[in-house]
1. Using a 10 Å cut-off around each Cβ, can you sort B:109, B:76, B:144 from fewest to most neighbouring Cβ atoms?
2. Going through segment B:145-196, which trypsin sites (Lys or Arg not before Pro) have at most 13 other Cβ atoms within 10 Å and a DSSP loop state?
3. Going through the DSSP H helices of chain A, which span 27 Å or more along their own axis at the Cα atoms while scoring at least -1.0 as a mean Kyte-Doolittle hydropathy?
4. Once both labels are modelled 7 Å past Cα along the beta-carbon direction, what's the residue B:74-residue A:2 spacing in nm?
5. What ranking, highest mean first, results for peptides B:340-352, B:237-249 when packing means the other Cβ atoms within 10 Å averaged over each residue?
6. Using a Cα-Cα cut-off of under 22 Å, which lysines could be cross-linked to residue B:120, ignoring same-chain neighbours fewer than 8 residues away?
7. Compare the Cα positions of A:218, A:153, A:119 along the charge dipole of segment A:102-327 (+1 at Cβ of Lys, Arg; -1 at Cβ of Asp, Glu; about the Cα centre) and return the one farthest towards the positive end.
8. Taking the Cα centre of chain B as origin, work out the dipole magnitude from +1 charges on Lys and Arg Cβ and -1 charges on Asp and Glu Cβ, in debye rounded to 20.
Amino acid sequence: MLTQYIGRRLLLLGPLLFVISVISFVLIQLPPGDILNMEVLRLRSAGTQVSEEQVEALRQLYGLDKSLPEQYWLWITNILFEGNFGTSFTYVKPVSEILAARVPLTAAVSIFTAVFVWIMAVPIGVYSATHQYSLVDYFWTFVSFIGVATPGFLLALVFLWMAFVMFDISAIGLFSQEYESAPWSWAKIINMLQHIWIPIVIIGMAHTAGMMRTMRGMMLDELNKQYVITARSKGLTETRLLVKYPVRTSMNPVFSTIGWMLPGIISGEVLVSMVLNIPTTGPVLLQALLNQDMFLAGSIVFILSVLTVIGTLISDILLVWLDPRIRYEGVA
Amino acid sequence: MTESVRHEAGPAVEAAESADVSDREKQELYTASQRQLIWRRFRRHRLAQVSIVMLALLYVLAAFAEFIAPYETSHDFKGFVYAPPAKIHLFDEDGFVGPFVYGLKGGRDESYQRIFEEVKEEQYPVRLFVRGDSYEFWGLFETDLHLFGVGEEGQIFLFGTDRLGRDLFSRVIYGTRISLTIGLVGVFLSFVLGLIIGGISGYFGGVVDEVIQRLIDLLVSIPQLPLWMALAAAVPREWDSIQTYFAITVVLSIVGWAGLARTVRGRLLSLREEDFTVAARVSGVSEWRIITKHLLPLFASYIVVAITLSVPGMIIGETSLSFIGLGIQPPAVSWGTLLQDSQMIANVALHPWLLIPALFVIVTVLMFNFMGDGLRDAADPYSIN
C-alpha cells in the first residue's frame with residue numbers, strides 16, 4: 001500500500017517537473033526582445049565595439065538562432081546531463097557556480113523554518129486550548145492575528161529598525177564579517193547558527209500563527225470528547241492524558257498542512273532574505289530580474305519550484321507512513 | 001476546570017440559556033428565514049462588523065483621495081525634506097484657540113542632523129474645505145477644494161514628509177486607491193479565470209478535467225512569489241501607470257487563480273454530496289430547482305467567503321512586488337512604492353514615520369481576515385460553534 005502510494009506519487013513527479021521546466025523556460029523568454037539585447041546594449045554602453053557578426057556568433061553560441069522547442073531541448077538537456085544552467089550575463093559566470101553556494105542556504109533556512117513552525121505551534125496551541133480564555137491564550141491569539149496579517153518583509157523591516165535603534169546594528173546577514181568570505185569550517189557553521197534564527201523566526205511567524213490557531217481549535221474539539229472525560233475520571237494525570245490522546249489526534253491536520261506551508265515558506269524566504277541581506281537565492285533573483293539576466297532568474301525559479309515540489313513529496317510520504325488513514329483521504 | 005466543563009457542555013448550555021429567553025424570541029428563531037439567520041450570526045461577530053466599517057472607511061478614502069488629501073502626490077515642499085509628523089495643537093499660551101499647527105523651521109544641529117523647530121509666532125489654524133492644489137475630480141470637473149488644510153502660507157504634514165519633501169499623508173491616501181483596488185480587481189480576475197477554466201474542466205470532464213486539476217495542484221504547490229517576480233519583471237518599463245496597474249493585476253491573478261479555484265471547487269463538490277441535496281433528489285425535486293433553491297444560495301455564500309479571504313494575499317502580493325521595485329512604478333503611488341523609501345534602514349531609524357504605510361497594509365489585511373471569519377461563520381448559520 002505504501003509502496004503503491006509512493007510509486008503513484010513518483011509517477012506524477014515526472015510530468016510535474018516537466019511542466020515546471022516549461023514554465024521556467026517561458027519566463028526566460030518572456031522579456032521583450034531576445035536575451036542577447038541587454039548584453040549587447042551593455043557591452044556597447046561600456047564602449048566595447050560589438051559588430052553584427054559578433055552578435056551573430058553570440059546568438060549561435062546560445063542557440064538563439066534555433067526554434068523555441070529546440071532551444072528548450074538544448075536548455076533542459078544541458079541542465080539534466082551536464083548540470084549546466086547557462087551563463088549569467090551580469091556575473092559572466094556559469095549560473096550553476098553562482099547558485100552552488102546559495103541554494104543549500106535557501107534549503108537550510110526553509111527546512112529550519114518548517115521545523116521551527118512545528119516546534120512553536122504545537123505546544124502553544126495545546127497550552128492555549130487547555131488554558132482557554134486565560135491571559136496567555138489572549139496573548140497568543142493577539143500575536144497570531146498580527147502574525148497572519150503581517151507580511152514577512154514588513155516584519156523584517158521592523159526588526160531591522162529596532163535592531164538599528166537599540167543595538168546600532170545596521171545589517172543582519174548570515175555571518176559575522178570575519179566569516180563572510182571565509183571557507184566553510186566549524187566556526188563558520190556555529191557563526192551561521194548564531195545568525196540564522198532571525199530569518200527563521202521572521203519567516204516562520206505567519207505560518208506559526210496559522211498553525212497555532214489550527215492546533216488550538218482541534219484541541220478544543222478533542223477536549224470536549226467523551227474519552228477525555230472518561231480518562232480523567234479514571235484518574236489519569238492531566239499531562240499523560242493530554243499527550244497520549246488529544247494531542248496526537250489534533251496533530252494530524254497540523255502536520256498534513258506542510259504541503260501548502262512549504263511554498264509559502266520559500267516565497268517568504270525570498271523576500272525576507274532581500275531585506276535582511278542574507279546570501280540565499282532571494283537577493284540574486286531580484287538582481288537578475290532587474291538586470292534581465294534571464295538565465296539566472298529562470299534557473300532560480302526552476303530550482304526553487306523543484307525543491308518545493310520534492311520537499312512536499314517527501315513530507316507527504318513521511319505523513320502517510322506515520323498516519324495510514326491519509327492514504328484513503330487522497331492527499332495526492 | 002469549571003471553565004472547560006462549561007465549554008464542554010457548549011450546545012447544552014446554549015439550549016438552556018435560550019429556554020430562559022421569552023417564547024416569542026424562540027418562535028422568531030425557529031421561523032427565521034435563512035437570510036435572517038445569516039444576519040443574526042454575522043451580528044454576533046463583533047470584530048467582523050468593526051472590520052466592515054473600517055474597510056468601508058478606507059475605500060471612501062480611496063474614492064475621494066484627491067479631496068481628502070491636502071496636497072498632490074508630487075507636490076514637493078522645498079526646505080521641508082523629512083519633516084516630522086505635524087503636532088496639532090488646541091491651546092496656545094493664551095488658552096484654547098481650536099486646532100492649529102505652528103510653522104516649521106528647518107535647520108541642522110551640531111552633528112549636522114536635520115532638525116525642525118516649531119515657530120511659535122506662526123500659527124496656522126486647521127480649517128475645513130480649504131483651497132489648495134487643483135485637481136480633476138474623477139475626470140469630471142476641475143477644482144481645488146480639499147477636506148482640510150492650513151492654506152497657502154502654512155504646511156500641515158500629518159504623517160511627515162519623505163526624502164523629496166512630499167506630504168506622506170497625502171501619498172498614503174492616494175496609495176490607498178491602488179493598493180485597495182488591486183486586491184479586488186485581482187481577485188475578480190482570478191475568479192473569472194477560475195470560473196472559465198473550472199467550467200471547461202467540468203464540461204469536458206475526463207482527460208481535460210484531469211489535466212486541469214493537475215495544473216491547479218502544480219500552481220498551488222510551487223512558490224508564488226518568485227513566479228510573480230519573474231512575470232512582473234517582464235512588464236515593459238515604458239508602459240504608463242494605468243497599463244502597469246493592469247499588467248500587475250493580471251500577473252497577480254494568473255498565478256493566484258488556482259488557490260481560489262481549488263477552494264471553491266472543493267466546496268462545491270462537497271455540497272453536491274450533502275444529505276439535503278441527496279434528500280431533495282430522492283424526493284423527486286428537479287435538478288434545476290435543487291441548483292437554484294438549495295445549492296446556489298450556499299455556493300454564493302461560500303464563494304463570497306473564499307473571495308474575501310483571498311483579497312489579503314493579493315494586497316500583500318502587490319505591496320511586496322512594489323516594495324522591491326517590480327510592481328507599480330513611480331510616479332504612481334501605492335503602499336508598496338511608499339515602503340521603498342524604508343529599504344535603507346538608517347533612513348527609517350532617523351525618520352520612523354516612513355513605516356506608516358506598513359501600518360495601513362497590516363490593518364487592511366487584518367480587517368479582511370476578520371471580515372472573512374465573520375462571513376464564514378454566517379455562511380453556515382446552522383453550525384454550532
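Throughout, read-outs are computed from the coordinates displayed, never taken from laboratory work. Keep in mind that what you see is a predicted model, and the values were worked out from it rather than measured. So basically every Cβ, Gly included, is an ideal-geometry build from the backbone, and we count neighbours across all protein chains shown.
1. B:109, B:144, B:76
2. For trypsin sites (Lys or Arg not before Pro) across segment B:145-196 that sit outside H, G, I, E and B with at most 13 neighbouring Cβ atoms in 10 Å, the list reads B:163.
3. Those that clear 27 Å and a mean of -1.0 are A:2-29, A:102-130, A:186-223, A:294-322.
4. For residue B:74 paired with residue A:2, the spin-label model returns 6.6 nm.
5. The peptides rank, most packed first, as B:340-352, B:237-249.
6. B:78, B:87, B:105
7. Toward the positive end, the furthest listed residue is A:218.
8. Dipole magnitude for chain B comes out near 1220 debye.
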